[in-house]
Amino acid sequence: MKIKELFKGGKTVFSFEIFPPKKDGMLDNLQETLEQLAALKPDFISVTHGAGGSVPGCSTADVASIIKDKFHTETIVHLTCVNSTFAEVDAAIEDLQSRGIENVLALRGDINPDIPPKKDFAHASDLIAYMKERSSLGFSGACYPEGHTESESLDADIANLKIKVNAGAEHLISQLFFDNAAFYEFRDKARAAGISVPIEAGIMPCVNANQIRRMVSTCGASLPQKFVRIISRYENNPDALRDAGIAYAIDQIIDLAANGVDGIHLYTMNKPYIAQKICESCYNIVKS
Ligand code: FAD
């Protein structure tokens with residue numbers, strides 16, 4: 001099924017993100033993780049690209065095939081283009097179509113200062129335009145409630161987002177954020193700019209202090225005082241921090257649902273326990 005179809009009933013779409021294993025011998029663990037996540041009946045599970053992918057049998061597409069064929073759950077493969085050639089993308093299209101995978105989250109990828117980008121694709125919008133001409137896949141794109149870190153302003157980033165949607169992105173998934181007000185401001189500006197495709201809010205339950213620091217330094221999300229107080233009070237008590245991080249995410253999700261968000265995309269970090277706790281608390285929200 002194409003992801004855009006999921007939004008037609010008007011319910012809040014609820015989805016998960018996972019990453020492929022980074023080490024050999026992790027396939028059994030992954031199967032267990034997927035079984036537990038699929039049991040929560042998300043609308044789809046997306047699989048990241050680039051962080052793992054080198055383990056035999058566990059590439060992004062391999063994991064997506066397991067999600068679809070074994071756990072009968074819809075899936076999106078993430079595909080980055082900054083280090084890809086046209087020929088590599090042609091091969092990816094053929095591979096995805098032969099597996100019956102229908103959805104791609106088309107991304108530029110982060111630029112590594114030590115690896116000069118290849119020249120074929122400059123932006124995610126170029127990847128979407130290229131693949132759309134050569135396939136019947138459905139395309140999603142990334143968006144940034146507080147602006148992409150390379151953008152001079154949120155308005156400039158939204159103007160570029162419009163190019164991505166015009167190229168064929170039918171659905172957007174947001175970068176993680178901790179301040180719902182920032183998401184609402186972004187959503188209002190995107191709608192005012194003529195972006196009418198569904199926008200899912202990316203929620204990352206923060207369950208350990210190192211993870212929070214790493215995430216914030218790479219994606220630039222701002223931290224509301226309430227969140228900062230939680231971290232500083234519980235950073236040396238892992239169980240309390242985990243519970244507080246889950247509760248904070250639940251609070252965000254309830255507020256987003258009440259404010260008519262199109263969907264919630266949960267960055268599960270491959271931890272079913274966290275997804276289970278959130279689904280238990282938000283069951284009537286995510287199923288309504
Ligand atoms: P783009 O849409 O190309 O935007 C990048 C920058 O260029 C922005 O500043 C934008 O304003 C500007 N821009 C865009 N189009 C144009 C244009 N036509 N002209 C001029 N400027 C333009 N990374 C991974 O490596 N693997 C993953 O699996 C992965 N998954 C992600 C999932 C989500 C939901 C999100 C939000 C991010 C993910 N990322 C992933 C990170 C992503 O690759 C980086 O944030 C990257 O720096 C930008 O990717 P993009 O697709 O948003 O790029």
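Data table
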| read-out | value |
| --- | --- |
| At R0 = 45 Å, FRET efficiency that the Cβ-Cβ distance of Asp95 and Ala247 yields, to 0.05 | 0.65 |
| Net +/- balance of residues flanking Glu102 in space, Cβ distance below 15 Å, scoring K and R +1, D and E -1 | -1 |
| Proximal aspartates and glutamates to Lys271, defined as alpha-carbon separation beneath 16 angstrom and excluding residues fewer than eight positions away on the same chain | Glu17, Asp28, Glu32, Glu35, Asp239, Asp243, Glu280 |
| Kyte-Doolittle at least 0.5, axis length at least 24 Å by Cα - qualifying DSSP helices, the chain | 238-258 |
| Amide hydrogen neighbours beyond the local backbone of Ser140, cut-off 5 Å, H modeled | Val104, Leu105, Ala106, Glu170 |
| Protection proxy ranking, peptides 239-245, 195-201, average beta carbon neighbours within 10 Å, highest first | 195-201, 239-245 |
| Summed residue charge, Cβ within 15 Å of Glu185's Cβ, Lys/Arg positive, Asp/Glu negative | -3 |
| Region 1-53 versus region 226-253: alpha-carbon centroid distance in Å | 24 Å |
| Cut-off 11 Å between beta-carbons: net charge of the residues surrounding Gly220, Lys and Arg +1, Asp and Glu -1 | -2 |
| Set of lysines with alpha-carbon distance to Lys162 below 28 Å, sequence-local pairs under 8 removed | Lys2, Lys4, Lys8, Lys11, Lys118, Lys119, Lys132, Lys189 |
| Bins of 10 Å from zero: percent of alpha-carbon pairs in region 110-211 | 14, 41, 32, 12, 0 |
| Whole-Å semi-axes of region 1-132's equivalent ellipsoid (Cα gyration tensor) | 25, 19, 13 |
| Region 245-288: C-alpha pair distances exceeding 15 Å, % | 35 percent |
| Accessible solvent surface per residue of region 244-288, calculated while the other protein chains remain in place, 1.4 angstrom probe, Å² | 40 Å² |
| Proportion of all alpha-carbon pairs of region 89-137 beyond 13 Å (%) | 59 percent |
| P(r) histogram, all alpha-carbon pairs of the chain included - 10 Å bins from 0, percent | 6, 29, 38, 24, 4, 0 |
| Heavy-atom accessible surface of the chain: percent carbon and sulfur, 1.4 Å | 50 percent |
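The values are calculated or read from the model by the stated rules, or taken from the named source; none is laboratory data. Given the structure is predicted, the values throughout are model-derived calculations rather than measurements. Cβ atoms come from the backbone with ideal geometry, glycine included; neighbour counts cover every protein chain shown. Just the protein is used for accessible areas: all its heavy atoms, side chains included, with ligands, DNA and RNA removed. Shrake-Rupley method; radii C 1.70, N 1.55, O 1.52, S 1.80 Å.
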